[in-house]
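The structure under discussion appears below in the form of structure tokens.
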Amino acid sequence: MKPVKFIVFVLMVITLQYCTGDQKGFTIYTIGDSTMADKGPGVFPEKGWCQDLAVYFVPGVKVINHAVNGRSTKSFIDEGRWQTVLDSLMPGDYVFIQFGHNDEKDYDTTRYTTPFGTYRDNLVRFVNETRAKGANPVLFTPIIRRNFNDEGILVPTHGDYPAAVRMVADSLEVAFIDHERLTQEWVVSLGDEASREYYLWTAPDDRYPEGRQDNTHLSLKGADAVARLALVEAIDRQLPFAGSINKEKI
């Protein structure tokens, strides 16, 4: 192949990969709370849904999980954690943003935000500052709590916070995954009893003599299921990073 033709061929391949979403060599930064965060052996089998997210992507895509237990949009910013992520962003990177569980805690002024006030403002800040670095924000509603009432009906607990995320995603035209809806439909399909193994229900042991009946945090099995729900949705909706998901792993 002649040099000029070879150069044209290479440029065509690069252009095709870009247009079809087959992007490689970027980093996904995940910011959020304990439902996403990395967990140590001391809380086994608890796991955040972003903990092993990288295994579902093609080689060259890195996932750096900055989610931390107990954080809200407010405390994540106030503690300088957002600035750390922002300083690391490169053009073409992604930021997965999922808060809500701790923003709801109106008894704690260090974390509490109002859904259509400070919570919304903080989400807008994450989106705008991510874009200013040439990176790509992706908004997520918080995952559902396993909260069945006496009649066996799953009752949502997040109030207006998911609606605020949807409004920001719509008004700013942000890539969006409605994780609350996805996990709600999934937990309802499992039912009260069967869904327990996906959350942190554990038998008594030396560390936890009374066992655990935690309907917020995820087990190993639950975290992997929740991650796959998000990625299948990204593929179905043809979000920009979907071309770099290893579909054979889903």
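Only the coordinates and a few stated rules stand behind these numbers; no lab work does. Fair warning: this is a prediction, and the values are worked out from it, not measured in the lab. Cβ: placed from backbone, ideal geometry, glycine included. Neighbour counts: every protein chain shown.
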Considering segment 167-219, what Rg and Dmax in Å follow from its alpha-carbon atoms?
-> 16.1, 50
Evaluate the charge dipole of segment 79-125 about its Cα centre and quote only its size in Debye, nearest 20, assuming +1 on the Cβ of each Lys and Arg and -1 on the Cβ of each Asp and Glu.
-> 60 debye
DSSP loop (so not H, G, I, E, B), at most 12 other Cβ within 10 Å: list which chymotrypsin sites (Phe, Trp or Tyr not before Pro) in segment 37-111 pass both filters.
-> Y107
So for the pair L190, K105, with labels modelled 7 Å out along Cα→Cβ, what separation do we get in nm?
-> 2.4 nm
Using the 2.2 N^0.38 Å rule of thumb for compact globular proteins, work out how segment 91-166 stacks up: its C-alpha Rg over that value, please.
-> 1.28
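Set the Förster radius R0 to 51 Å, insert the Cβ-Cβ distance between N128 and N246 as r into 1/(1 + (r/R0)^6), and round the FRET efficiency to 0.05.
On the way: r = 31 Å, r/R0 = 0.61.
Taking R0 as 51 Å, the efficiency between N128 and N246 is 0.95.
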For the chain, the longest principal axis of the Cα atoms and the Cα long axis of helix 179-190 enclose an angle in degrees, to the nearest 10, of 60 degrees
